[in-house]
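The next block holds one structure in the form of structure tokens; read it before the comments.
The values are calculated or read from the model by the stated rules, or taken from the named source; none is laboratory data. What you see is a predicted model; the values in this text were computed from it and never measured. Note that each Cβ is placed from the backbone with ideal geometry, even for glycine, and that neighbours are counted across all protein chains shown. Accessible surface areas use protein heavy atoms only, side chains included; no ligands, DNA or RNA. Shrake-Rupley method; radii C 1.70, N 1.55, O 1.52, S 1.80 Å.
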Amino acid sequence: MSSQEEILSDGRFSCVTRDPRFWEMPEKERKIKIDKRFRAMFHDKKFKLKYTVDKRGRPVNYTSTENLRKFYALSESDSDLSENDSKEHTEKKKKKKKVKPKGEADS
């Protein structure tokens, strides 16, 4: 038997498998959902920092935007709404352009 199986079969630690505090967090819930108002932080230069060393002095080759993508995600409902809003907005522009002014009459 492996050591992990021995631990789980031990009576003292059997509650660990049933206790939700020790369950692994699902992929969907790991990232914090951000609405469309804050989506600029993924591509704005103000939020981008280039790290050369980490907090312990070791060399690193990544930027802060990679960390943002690691911990945050755009909420799908807002991204769907923003796509629908942009489609509606372009349709409204097209409709406004097609309407003729009142001064011009068909002759």
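Among the residues of the stretch 20-53, the ones that are open to solvent by less than 50 Å² (accessible area, probe 1.4 Å) and of a type in the set (A, V, I, L, M) come to 3 in all. With respect to the conditions (1) surrounded by 10 or more Cβ atoms within 10 Å (Cβ to Cβ); (2) not in a helix (DSSP H, G or I), ARG56 lacks only one, and its number is (1). Are any of the residues in the stretch 14-28 of a type in the set (S, T, N, Q) and part of a loop (DSSP other than H, G, I, E, B)? Within the stretch 14-28, one or more residues are of a type in the set (S, T, N, Q) and part of a loop (DSSP other than H, G, I, E, B).
Take the residues in the stretch 70-85 that are modelled with pLDDT of 85 or more and open to solvent by 100 Å² or more (accessible area, probe 1.4 Å); name whichever of them is nearest to GLU29 (Cα to Cα). Of everything passing the filter in the stretch 70-85, PHE71 is nearest to GLU29 (Cα to Cα). All conditions but one from (1) free of Cβ contacts under 8 Å to residues at least 12 places away in the same chain; (2) open to solvent by 50 Å² or more (accessible area, probe 1.4 Å); (3) within 17 Å of the chain's Cα centre (by Cα) apply to ASN61; the one that does not is (3). For the stretch 59-77, a residue qualifies if it is within 11 Å of PHE47 (Cβ to Cβ) and among the polar types (S, T, N, Q), and the qualifying residues are THR63, SER64, THR65, ASN67.
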